[in-house]
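First comes the structure, then the notes that go with it.
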Amino acid sequence: MSLKLYFSPGACSFVPHCLLQVSGLAFEPLMVKLHKGEQHGDAYKAINPRGQVPVLLDGDQVITQILAIVLYLDQKFPEQHFLPKEPVARAHAIETLAWMNNTVHPTFTHIFMPQKFSDQTEVQAALKVFNTQLYRGLLAELDALVKISLATQAWLSGDRLGPLDAYALTLTRWGTIAGIEPETYPALWAHVQKIASEQAVSQVIERERLQLNMLRPKQ
Ligand SMILES: N[C@@H](CCC(=O)N[C@@H](CS)C(=O)NCC(=O)O)C(=O)O
């Protein structure tokens, strides 16, 4: 099998993990246990010196960064329609994907891993509080975007469930880790539940053993 994906349960690697599963393309999912620090080991650093997931291997090609992985898969498998083909729709999809990746995602990193941004505990505590507020605002922006997009199309990514949908699920789930009630964002939360109920996505959720709403533990 030439396609391999290094992923970690609940991490942003959920995005390419979903894409590959939805596509039905043959791939090998390889788990990296971030909580055990496997990303810092020599074996993994030899694959990705930045010590992050996701990593896509296509034969001996190593591709990192969600944006690059999505664009690569979209170009390599055009029949999969991972992204819209029409230039304006495509630009807007990439625009939203980039915003999720370069703004919403790092805001959560400030909440979840404040130690990456300061070695002082009081600064870390302040970063968590400040960025949780920012994150609430970003989820509200995403909720509004869902409302607008779903007025004219079935999925955030276009005609088919794609990277924007998978990222929206991940970012909403991360919100629950930050103590943010997903019901605050009705359109977003309804869409996330619709995404999660798709068979291929539920297979990924099962493989990663994810709970969608971390504020409501499963009985
Ligand atoms: N911009 C990168 C972000 C990747 C990233 O932040 N990965 C996180 C998981 S969500 C990670 O591997 N963290 C491990 C660590 O920081 O030790 C991308 O798009 O792939």
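The values are calculated or read from the model by the stated rules, or taken from the named source; none is laboratory data. The structure displayed is predicted, hence computed values, not measured ones. Cβ coordinates were reconstructed from backbone atoms using ideal geometry, including for glycine residues, and neighbour counts include every protein chain displayed.
Quick look at the numbers
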quantity: Test result for Phe108, within 13 Å of the ligand (Cβ to nearest atom) and either modelled with pLDDT of 95 or more or not in a helix (DSSP H, G or I) (or both); calculated: yes
quantity: Test set (1) touching a helix residue (DSSP H, G or I) at 6+ places or on another chain (Cβ under 6 Å); (2) within 27 Å of Glu79 (Cβ to Cβ); (3) surrounded by fewer than 20 Cβ atoms within 10 Å (Cβ to Cβ) - Leu169 fails condition number; calculated: (3)
quantity: Criterion (in the same structural domain as Glu183 (by TED's automatic domain parsing) and either exposed (fewer than 14 other Cβ atoms within 10 Å of the Cβ) or more than 13 Å from the ligand (Cβ to nearest atom) (or both)) met by exactly one of Gln133, Gln75; calculated: Gln133
quantity: Filtered residue count, segment 138-163, keeping only those that are over 16 Å from Ala196 (Cα atoms) and of a type in the set (A, V, I, L, M, F, W, C); calculated: 9
quantity: Matching residues, segment 24-49, being loosely packed, with under 15 Cβ neighbours inside 10 Å, more than 30 Å from Gln80 (Cα to Cα) and charged (D, E, K, R); calculated: Lys36, Asp42, Lys45
quantity: Verdict on Arg136 being closer than 29 Å to Leu34 by Cβ and either in contact with a Ser or Thr (Cβ under 7 Å, 6 or more places away or on another chain) or in contact (Cβ under 8 Å) with a residue 12 or more places away in the chain (or both); calculated: yes
quantity: Members of segment 51-62 found to be surrounded by fewer than 18 Cβ atoms within 10 Å (Cβ to Cβ) and within 14 Å of the ligand (Cβ to nearest atom), listed by number; calculated: Gly51, Val62
quantity: Inter-residue pairs, beta-carbon under 8 Å, first of a type in the set (Phe, Trp, Tyr) and in segment 59-88, second away from the ligand (no atom under 16 Å from the Cβ) and assigned to a helix (DSSP H, G or I), 6+ apart; calculated: Phe77/Ser23; Phe82/Ser23
quantity: Residues satisfying the stated conditions in segment 4-21, i.e. closer than 21 Å to Leu71 by Cβ, part of a loop (DSSP other than H, G, I, E, B) and either hydroxyl-bearing (Ser, Thr, Tyr) or away from the ligand (no atom under 15 Å from the Cβ) (or both); calculated: Ser13
